[in-house]
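Remarks on the structure that follows.
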Amino acid sequence: RKAGKDPVLIYTSIDEFQSFERNQGFAAGDQLLKELAEDLRKVFPSDLVCRFSEDHFLVLTDREGVKHMQETFPEMVSASAVLSVMRIHMGLYACGRNTSGALDSVDCARLASEEIRNTDVMCFWYDWNLQQKKSRNAYVLTHLTEAIEKRRIEVRFLPAVRFVSQKTCELEIISVWN
């Protein structure tokens with residue numbers, strides 16, 4: 001910020017890393033992590049890069065660093081025999097001046113990374129909608145028993161109608177939270 005740049009936190013995650021280690025062995029998993037760390041250091045030579053936990057890395061950079069990463073990192077990954085078969089995701093969080101703390105920033109970047117898990121999208125920016133979605137899901141999970149007891153969840157039948165004959169061919173059961 002003192003240099004006039006807006007910090008961006010990148011949370012990096014590898015899909016199916018545990019499965020890779022189980023199938024290929026811990027030595028192969030260690031090698032994959034070392035290779036990813038080396039590539040991250042090449043892309044972000046003057047930024048802060050660290051291993052956060054398990055298969056996750058954090059990078060503290062700026063918007064120019066993100067732009068550079070989007071241009072160079074996919075080539076590095078595709079050039080690697082090991083990394084090219086893995087899906088690597090990066091959740092991006094623009095650290096605002098009102099950010100309450102480092103862990104909150106990491107959590108926001110992690111949420112963005114989880115949003116694109118099991119997809120071919122490499123990067124995704126955090127926005128407020130992700131937090132609202134997380135809050136809504138948490139509300140549903142914590143109040144589900146109460147909603148069932150108070151009969152706020154209704155079961156409805158949704159007919160599937162054939163286009164040509166206009167006849168109902170089956171019913172789909174859905175639940176609606178009132």
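The values are calculated or read from the model by the stated rules, or taken from the named source; none is laboratory data. What you see is a predicted model; the values in this text were computed from it and never measured. Neighbour counts are summed over all protein chains in view; Cβ atoms, including those assigned to glycine, are modelled from backbone coordinates with ideal geometry. All accessible areas refer to the heavy atoms of the entire protein, side chains included, with ligands and DNA or RNA removed. Shrake-Rupley method; radii C 1.70, N 1.55, O 1.52, S 1.80 Å.
Okay, residues lined up against (1) assigned to a strand (DSSP E or B); (2) within 17 Å of Ala112 (Cβ to Cβ); (3) of a type in the set (S, T, N, Q); (4) touching a Cys at 6+ places or on another chain (Cβ under 9 Å):
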| site | (1), (2), (3), (4) |
| --- | --- |
| Val49 | yes, no, no, no |
| Leu58 | yes, yes, no, yes |
| Thr61 | yes, yes, yes, no |
| Pro74 | no, no, no, no |
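Would you pick out the residues in region 1-30 that are within 19 Å of Leu92 (Cα to Cα) and either of a type in the set (Phe, Trp, Tyr) or in a strand (DSSP E or B) (or both)?
Pro7, Val8, Leu9, Ile10, Tyr11, Thr12, Ser13, Ile14
Pick from Asp62, Asp104: which is charged (D, E, K, R), touching a Lys or Arg at 6+ places or on another chain (Cβ under 7 Å) and closer than 19 Å to Thr12 by Cα?
Sole residue among the options that is charged (D, E, K, R), touching a Lys or Arg at 6+ places or on another chain (Cβ under 7 Å) and closer than 19 Å to Thr12 by Cα: Asp62.
Select from region 136-178 the residues that are of a type in the set (Phe, Trp, Tyr) and closer than 27 Å to Leu111 by Cα and write down the one among them that is least open to solvent (accessible area, probe 1.4 Å).
It comes out as Trp177.
If I filter region 69-105 down to residues being within 25 Å of Arg1 (Cβ to Cβ) and among the small types (Gly, Ala, Ser), which single residue comes out as surrounded by the most Cβ atoms within 10 Å (Cβ to Cβ)?
By that ranking, first place goes to Gly91.
Quickly run through region 106-145 and pick out the residues that are without any contact (Cβ under 8 Å) to a residue 60 or more places away in the chain, farther than 25 Å from Pro7 by Cα and out of contact with any helix residue (DSSP H, G or I) (no Cβ under 9 Å at 6 or more places or on another chain).
Selection gives Thr119, Asp120, Ser135, Arg136, Asn137, Ala138, Tyr139, Leu141, Thr142, His143, Leu144, Thr145.
For region 76-111, how many residues meet the condition of being in a helix (DSSP H, G or I) and closer than 23 Å to Leu32 by Cα?
The total comes to 10.
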